[in-house]
Amino acid sequence: MIINWKDLAINKGTSCDLFVQFTNEKDEVLIFEENSILYFTLKDNFDATEYLFQKTSLNGITYNEEKKGYDIRFNCEDTEDLDYKDYAYDITVVRNTGLASANKKDKTTILKGYLKIEEVTTFEVNEVSQ
């Protein structure tokens, strides 16, 4: 599988869904096995060992049957405390290959790039109802 590069941007402290669909070299849509785990990981940079936040198909990533892809849910609190800058992210799938051992895993990074946290002017302190 070829790793694709895609830069993304999100406004700081914003809730939104990111839809991703993966294809193989023949342009066929990939649907991962039920026991596969999909990860979206955000770090300060690609060399960082600690992640800032992570979404998985166990928590935050859901399969969209209608669109044949995956929705990744970003909540306000995911980016609320981040600085305005570019962060490194990747999307990786981990599968159990079933070869010789139940613990034999196959890990593939599918997509990576930079996620830019964009500036906003309305902060929680500015949210006043009248």
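Structure notes:
- Scanning segment 13-28 for residues that are over 30 Å from Thr121 (Cα atoms), open to solvent by less than 70 Å² (accessible area, probe 1.4 Å) and either in contact (Cβ under 8 Å) with a residue 24 or more places away in the chain or in a loop (DSSP other than H, G, I, E, B) (or both) returns Phe22, Asn24.
- Residue within segment 98-113 that is open to solvent by 30 Å² or more (accessible area, probe 1.4 Å), on the phi > 0 side of the Ramachandran plot and small (Gly, Ala, Ser) present: yes
- Residues that are open to solvent by less than 80 Å² (accessible area, probe 1.4 Å) and among the hydroxyl-bearing types (Ser, Thr, Tyr) within segment 114-128 are absent altogether.
- For segment 34-58, a residue qualifies if it is within 19 Å of Arg95 (Cα to Cα), in contact with a strand residue (DSSP E or B) (Cβ under 6 Å, 6 or more places away or on another chain) and open to solvent by 90 Å² or more (accessible area, probe 1.4 Å), and exactly one does: Asn35.
- Every residue from segment 25-52 that is of a type in the set (S, T, N, Q) and either more than 17 Å from Trp5 (Cβ to Cβ) or in contact with a Cys (Cβ under 6 Å, 6 or more places away or on another chain) (or both): Asn35, Ser36, Thr49
- Only one entry of Ile61, Ile10 meets the criterion of being of a type outside the set (Gly, Ala, Ser), free of Cβ contacts under 8 Å to residues at least 40 places away in the same chain and buried (at least 16 other Cβ atoms within 10 Å of the Cβ), and that entry is Ile61.
- Checked against (1) under 30 Å from Val120 (Cα atoms); (2) not in a strand (DSSP E or B), Ala9 passes all but a single condition, namely (2).
- Among the candidates Lys116, Lys105, residue that is among the basic types (Lys, Arg), farther than 30 Å from Glu127 by Cα and touching a strand residue (DSSP E or B) at 6+ places or on another chain (Cβ under 9 Å): Lys105
- Every listed requirement among (1) closer than 14 Å to Leu115 by Cα; (2) open to solvent by 60 Å² or more (accessible area, probe 1.4 Å); (3) touching a Phe, Trp or Tyr at 6+ places or on another chain (Cβ under 7 Å) is met by Asp83 save one, (3).
The values are calculated or read from the model by the stated rules, or taken from the named source; none is laboratory data. All figures in this text were calculated on a predicted structure; none of them were measured in a lab. As a convention, Cβ positions derive from the backbone with ideal geometry for all residues, glycine included, and neighbour counts pool all protein chains shown. For accessibility, only protein heavy atoms count, side chains too; no ligands or nucleic acids. Shrake-Rupley method; radii C 1.70, N 1.55, O 1.52, S 1.80 Å.
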